[in-house]
Protein chains: 2
Amino acid sequence: MTFDSKQQATVTLAEVAQAAGVGESTVSRVLRNHGSFSRKTRDRVMAAVEQLGYVPNRIAGTLASAGSRLVAFAIPSLSNIVFPDVLRGASGVLEANQHQAVFAVTDYDPGREEALVAAMLAWRPAAVMLAGLEHTEGTRKMLRASGCRIAEVLDLDGTPVDLAVGFSNSAAGRASAEFLLKRGYRRIGYVGHDLERDTRAGKRFSGFTETLQAAGCALVDRQINAGPSSAESGRLGLEHLLARSPDLDAVYFSNDDMAIGGYFHCLARGISIPSQLAIFGYNGLDIGRVTPQPLSTIRTPRVMSGQVAAELIVANAPPQVVDLGFELVEGATV
Amino acid sequence: MTFDSKQQATVTLAEVAQAAGVGESTVSRVLRNHGSFSRKTRDRVMAAVEQLGYVPNRIAGTLASAGSRLVAFAIPSLSNIVFPDVLRGASGVLEANQHQAVFAVTDYDPGREEALVAAMLAWRPAAVMLAGLEHTEGTRKMLRASGCRIAEVLDLDGTPVDLAVGFSNSAAGRASAEFLLKRGYRRIGYVGHDLERDTRAGKRFSGFTETLQAAGCALVDRQINAGPSSAESGRLGLEHLLARSPDLDAVYFSNDDMAIGGYFHCLARGISIPSQLAIFGYNGLDIGRVTPQPLSTIRTPRVMSGQVAAELIVANAPPQVVDLGFELVEGATV
DNA sequence: ACACAAAATGGTAGCGCTGCCAAAAAAAAT
DNA sequence: ATTTTTTTTGGCAGCGCTACCATTTTGTGT
């Protein structure tokens with residue numbers, strides 16, 4: 001069952017020109033405030049625009065001028081607040097610069113990412129923003145061939161195609177391990193989600209375990225759940241982990257969502273934090289600051305990453321890597 | 001400081017046609033799998049496409065065919081997971097139907113919404129999706145004049161322009177009040193965020209208080225914080241509310257983020273839930289299911305709203321209102 | 001083999017706008 | 001008043017593609 005919306009007779013620039021009694025190029029110049037025209041002409045054009053309810057057609061404009069003001073985002077997920085945060089940072093800058101954001105969700109699937117990047121490239125965007133540095137060779141090839149700017153955010157451990165903005169996940173993992181070791185924890189476990197798909201979480205995990213290993217204090221046990229991260233997954237994960245390894249003194253979670261779940265598990269079971277068990281997360285979500293004991297975690301500049309990447313894009317800055325770093329939040333769960 | 005990315009010589013359909021030794025229209029037909037062509041021709045065209053690395057230009061295609069496959073989203077916020085949820089529901093359907101999502105963030109500002117809708121309309125989208133039914137008269141006028149489909153989601157209390165998908169916020173407010181009354185609570189308070197901007201929260205509040213009033217049990221006190229909703233705001237809000245009105249027996253929060261903050265406040269202060277104080281939220285976020293006591297709340301079909309709206313759009317269904325309802329989650333905080 | 005229907009293909013006029021260039025008008029200089 | 005310079009302005013050729021129509025090729029039935 002389809003519906004025919006009355007095809008609104010679209011007003012074109014030519015009609016505005018005729019109504020205003022000027023040439024098409026004059027209308028174009030006035031509307032873009034580009035080139036020169038008299039005040040009188042401008043007023044006449046604007047009056048005609050107003051009167052006819054003219055809405056410029058950016059599709060046509062983009063085709064004619066060969067330079068689009070679209071920025072494409074291929075994001076892994078919309079369930080994890082991390083990516084909306086990046087979009088938020090970017091969208092403010094883009095809107096302020098008359099750019100338009102388009103997006104698609106890859107669901108952490110590199111193959112899907114490739115297909116979606118191909119689809120988005122068909123819109124001839126000015127730039128493409130991606131999460132992380134891990135992409136299929138096909139994706140990378142398309143991106144390089146596209147001639148548009150590429151921004152990879154939230155990871156710096158690897159070789160960027162063009163612009164990279166964010167922080168090192170493996171360094172975050174190392175910092176987390178060092179912090180726990182410094183605080184004297186020795187029987188450390190890990191609760192995480194699907195590391196195959198979330199490669200950044202995988203990098204943190206590697207940095208974490210390698211640091212423990214180097215300190216002669218290897219990871220005691222780990223619980224890795226299938227599926228995406230969530231508080232529920234974290235709660236169940238910790239429950240399983242502790243069932244197997246009840247004598248752990250600290251647990252590192254793949255991120256704050258998982259850690260909050262673990263925190264709730266401890267609350268429910270009367271496990272006192274941090275004396276009986278320490279909990280450490282990653283991301284620095286707001287919720288972790290409101291729990292009775294603030295969550296110990298690493299706060300990442302997600303909004304800022306999106307913002308800086310967007311700024312580099314609109315400024316057409318040269319290829320570069322921008323390390324925004326991260327902040328270790330001591331909190332009270334360690 | 002700007003950067004000249006080497007202007008990749010863009011491959012056009014004409015070049016593909018030449019390379020494949022066929023006409024342009026044949027290439028176009030093959031690529032869109034529309035009209036008829038022989039298998040042999042198809043293979044030749046595909047080989048040329050492959051070899052040249054041709055990426056169709058949808059800008060040109062859209063201009064020529066006068067029917068875009070863009071769907072524009074004007075969303076109030078990316079901080080509140082509610083809107084990413086809607087985007088998530090919609091984006092799956094859109095991607096499956098070769099549509100492309102474009103978005104902009106209104107920041108709950110009707111004037112900003114109007115400006116952003118105008119900007120997005122310039123891309124001649126097939127549809128525009130908006131949150132709620134409250135828009136400026138200018139926005140409504142533009143939308144009607146645009147000739148494209150309009151979907152308003154997450155609210156049904158009002159008059160839609162075209163499609164409306166979601167649930168009634170005032171009914172949700174009423175249901176919350178009835179639930180608390182039925183459970184015997186009589187000294188009820190409210191903690192909320194900026195109701196001027198978030199009109200849907202305002203509608204819930206009205207439905208809630210009117211129902212209390214009608215039951216001869218008016219709202220005892222309310223704490224309304226400036227700014228957006230957050231767990232932090234909920235925690236502080238409850239603290240202030242209880243400082244003024246320590247004898248409340250239940251508190252209704254503007255949403256789950258706020259309610260979780262209130263929950264944490266109680267945990268930290270040793271206020272036992274629900275015997276000393278009952279807590280009721282709104283949204284049915286995942287986090288509320290993982291707390292030691294599951295949060296009593298109303299679960300809303302946010303992802304589904306986006307999905308259904310997108311399905312109606314791609315199917316070009318006639319104007320209609322789809323009530324997806326909501327579910328009252330009894331939880332354990334009431 | 002022949003007539004006729006069906007399938008496959010190519011040519012070309014726009015889609016609505018911008019960029020370039022030349023022409024006209026206005027302003028400044030002599 | 002006339003020339004030179006500067007500011008305004010309009011015309012028109014595309015941007016890369018699709019839609020439509022005309023034409024050619026292939027297939028079918030007798």
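The values are calculated or read from the model by the stated rules, or taken from the named source; none is laboratory data. As the structure is a prediction and not an experimental result, all values here were calculated from the model. When we count neighbours, we look across all protein chains shown, and the Cβ atoms used for this are built from the backbone with ideal geometry, even at glycine.
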Out of (1) of a type outside the set (A, V, I, L, M, F, W, C); (2) surrounded by fewer than 22 Cβ atoms within 10 Å (Cβ to Cβ); (3) away from DNA strand D (no atom under 16 Å from the Cβ), the one A:PRO84 does not meet is (2)
Flag for A:VAL290 being of a type outside the set (Lys, Arg), within 13 Å of chain B (Cβ to nearest Cβ) and touching a helix residue (DSSP H, G or I) at 6+ places or on another chain (Cβ under 8 Å): yes
Consider B:PRO76 carefully, then state whether it is near DNA strand D (Cβ under 9 Å from one of its atoms), surrounded by 20 or more Cβ atoms within 10 Å (Cβ to Cβ) and under 39 Å from the mean Cα position of the chain (by Cα). no
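Looking at the structure I just gave you, is B:LEU328 outside any helix (DSSP H, G or I) and either under 23 Å from B:LYS182 (Cβ atoms) or without any contact (Cβ under 8 Å) to a residue 12 or more places away in the chain (or both)?
Working: outside any helix (DSSP H, G or I): yes; either under 23 Å from B:LYS182 (Cβ atoms) or without any contact (Cβ under 8 Å) to a residue 12 or more places away in the chain (or both): yes.
Spelling it out, B:LEU328 is indeed outside any helix (DSSP H, G or I) and either under 23 Å from B:LYS182 (Cβ atoms) or without any contact (Cβ under 8 Å) to a residue 12 or more places away in the chain (or both).
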For segment B:35-79, enumerate the residues that are touching a helix residue (DSSP H, G or I) at 6+ places or on another chain (Cβ under 9 Å), within 18 Å of B:ASN97 (Cα to Cα) and near DNA strand C (Cβ under 10 Å from one of its atoms). B:ILE59, B:GLY61, B:THR62
Does segment A:246-258 include one or more residues that are farther than 26 Å from B:ILE287 by Cβ and surrounded by fewer than 16 Cβ atoms within 10 Å (Cβ to Cβ)? yes
Yes or no: A:GLY158 more than 8 Å from every other protein chain (Cβ to nearest Cβ) and within 16 Å of DNA strand C (Cβ to nearest atom)? no
Might you check whether a residue that is within 11 Å of chain B (Cβ to nearest Cβ) and assigned to a loop (DSSP other than H, G, I, E, B) occurs anywhere in segment A:295-306? no
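Evaluate segment B:23-34: report whether one residue or more is assigned to a loop (DSSP other than H, G, I, E, B) and either crowded, with 18+ Cβ neighbours inside 10 Å or at the interface with chain A (Cβ under 8 Å from one of its Cβ atoms) (or both).
No, segment B:23-34 contains no residue that is assigned to a loop (DSSP other than H, G, I, E, B) and either crowded, with 18+ Cβ neighbours inside 10 Å or at the interface with chain A (Cβ under 8 Å from one of its Cβ atoms) (or both).
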Please give the strands (runs of 3 or more DSSP E) falling wholly within segment B:54-146 in which 2 or more residues are within 8 Å of another protein chain (Cβ to nearest Cβ). B:100-105
State the number of residues belonging to segment B:300-311 that are in contact with a strand residue (DSSP E or B) (Cβ under 9 Å, 6 or more places away or on another chain) and surrounded by fewer than 20 Cβ atoms within 10 Å (Cβ to Cβ). 1
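Taking B:ASN97 as the residue in question, decide whether it is outside the structural domain of B:ARG244 (by TED's automatic domain parsing) and at pLDDT below 95.
no
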Counting only residues that are farther than 21 Å from A:GLU178 by Cα and crowded, with 20+ Cβ neighbours inside 10 Å, how many does segment A:264-278 have? 3
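Listed here are the residues, each with its yes/no results for (1) under 26 Å from the mean Cα position of the chain (by Cα); (2) closer than 24 Å to B:ASP109 by Cβ; (3) not assigned by TED's automatic domain parsing to the domain that holds B:GLN276.
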| residue | (1), (2), (3) |
| --- | --- |
| B:ILE188 | no, no, no |
| B:THR199 | yes, yes, no |
| B:LEU219 | no, no, no |
| B:GLY227 | yes, yes, no |
| B:ARG235 | yes, no, no |
| B:HIS240 | no, no, no |
| B:ASP247 | no, no, no |
| B:ASP256 | yes, yes, no |
Checking the structure you have, find out if any residue of segment A:12-22 is more than 30 Å from B:VAL55 (Cα to Cα), within 12 Å of DNA strand D (Cβ to nearest atom) and not in a helix (DSSP H, G or I). yes
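Would you check if there is a residue in segment B:33-56 being under 28 Å from the mean Cα position of the chain (by Cα), within 11 Å of DNA strand D (Cβ to nearest atom) and modelled with pLDDT of 95 or more? Quick ask: steps written out before the conclusion?
Residues of segment B:33-56 under 28 Å from the mean Cα position of the chain (by Cα): none.
Checking segment B:33-56: not a single residue is under 28 Å from the mean Cα position of the chain (by Cα), within 11 Å of DNA strand D (Cβ to nearest atom) and modelled with pLDDT of 95 or more.
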Among residues of segment A:246-275 being touching a residue at least 24 places away in the same chain (Cβ under 8 Å) and away from every other protein chain (no Cβ under 14 Å), the residue nearest to A:THR333 (Cα to Cα) is A:PRO274
Selected residue (criterion: farthest from DNA strand C (Cβ to nearest atom)) from residues of segment B:12-26 that are of a type in the set (A, V, I, L, M, F, W, C) and under 20 Å from A:LEU63 (Cα atoms): B:VAL16
Checked against (1) at pLDDT 95 or above; (2) more than 7 Å from DNA strand C (Cβ to nearest atom), B:GLN7 satisfies every condition except (1)
